[in-house]
Amino acid sequence: MSKKTIGRRTTLGLLGAGLVAAPFIRPSFGQAAWPEQTSVPDILKGSGEVRIATFGGTMQETQQKAYFEPFEKITGIKVRAFPGSDPTKIKAMVDTGNVEWDMAQLSRGSIMNLQKRGDYFEKIDYDIVDPGVEKQFRFEYGLEMLVWAQVLAYRTDAFKGAVPSGWADFWDTKKFPGDRALYGTNSGGFPEMEFALMAAGVPPDKIYPIDIDKALASYSKIKKDVFKWWDTGAVPIQLLTDREVTMTSVWNGRMAALQAAGVPAAVSWNQGLSKRDAWGIPKGAKNKVNAMKFVAYSTMAIPQARVCLGIPYGSVNAKSNEYIPAERLAVLPSAPDIAKQLVPYNYDWWIDNRETVIPKFNKWLLS
C-alpha cells in the first residue's frame, strides 16, 4: 500500500459519510408513477410470511417500494426484510438447523460456492417463473434477479476533452494522466483481472480462462499509479468527488448519486463486466413455498421494471423494457445498446480458481 493511500485515509473517512448515505434512488421516487402489477397467477397467492435477507441500504429501499409492498398487497403474503445478507450466515444457519431467513440476495458465485461445500440451498421451482426471464439468468439453486456492471468511471474535467473508452485507456497514464483506483481483495472480493487482460490487448471474448500471470504482468504496468485498492462501493465515488483519482473502476449504480450531486464524472460502459445478483432459498427455509412465490413474482416484467426505475440496475426479464422510459433505459446495464458493450462475468471460473488467484494476487500486491 502506498504512503499516499495511507496518508489520505482520514480524509476519506471524514468525507465519505456524505456520499455513502446519498439517497441516489430517491429522485426516482418522485417521478412519474411506476407501472402497477394489477394481478398475478393464483398459484402465487397465499398467506403467512416470507423472510428476506437483503443487502440493505438504498437497494432495500428500492425493493421495499418496487416489490415488497405490492407483493404483500397482491398475494396476501407478508414480507419481512432483514438487511445484511451474507453467505457465511446462511452456512451457519443451515449447519445448525436454525434457518432464520427464507431467501437471500446473493450472487450466483456465492450460492454455487456454498453448494460446492454441501447442500445449502433449495432448488428453484421454475414451473412458476415467468417465461420472460431469460435462460442465462436461471440456474438450479438460484435465480438471478438484478443486472449490474463493474465499469470504468472518470472525471470529465480531467483530460481536456479526451474520453477514455476501455481498459487500454485506463492503463494509458500519458494520454489520461492522474491517479487511479481499482478493486482489491480486502473485503474478500476478487481482483479485476479481466480489466488487466483487456488492457493488455486480450479480446473480451478470450478473457476466460484467465491467464493469471499475464494479468499480474499487466497490473504491474499501472501499479505505481493506483492510489487505492478499494473494497466498498462508496470509496471510488468519494475518490472521484475529492479529485483523488481521475479514473476508477466502479459499480455502475453508485454513479447516480455522484452525477446527481453535480460532480463532473461519467461512465464508460465499453468492456465493463456484466454481473448479477440472485435469489437463493436456504435449505430448510421455514417458508420455502412463499419464498418460491416471491422469487417468481419479483422476476415478472413489471416488478423488475419498478426496480430499474428506482435504482439504475438492469432487469432479467426481457419484457421489462416495455415499461421503462427510453431516458431511463439509456442508463441501465441491461439495455440492449449497453449490454452488447459488456463482458459477461464468469462466476463459474472464479469459483473454480479463487483459491489459486487470491494468494497470487495478494503476494504480487505486497511485492
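The values are calculated or read from the model by the stated rules, or taken from the named source; none is laboratory data. Just so we're clear, the structure is a prediction, and the values are computed from it rather than from any experiment. In case anyone asks, the SASA skips ligands and DNA or RNA and just uses the protein heavy atoms, side chains included. Shrake-Rupley method; radii C 1.70, N 1.55, O 1.52, S 1.80 Å.
Here are a few things to note about the model shown:
- In sequence order, calculated HN-Hα J values of region 58-63 (Karplus, 6.51, -1.76, 1.60; Hz; x Gly/Pro): 5, 5, 5, 4, 5, 4
- Beta bridge orientation in the chain: antiparallel %, DSSP, nearest 5: 60
- Nonpolar atom fraction for region 49-110, defined as the carbon and sulfur part of the 1.4 Å probe accessible area, stands at 49 percent.
- Accessible area per residue in Å² at 1.4 Å probe, computed on the chain: 43
- Ordered from largest to smallest accessible area (heavy atoms of protein chains, 1.4 Å probe), the residues Trp167, Trp269 come out as Trp269, Trp167.
- Surface composition of region 221-295: carbon plus sulfur atoms contribute 50% of the solvent-accessible area (1.4 Å probe, protein chains only, all chains present).
- Reach of Lys160 by Cα under 22 Å, taken over lysines that are not fewer than 8 positions away in the same chain: Lys174, Lys175
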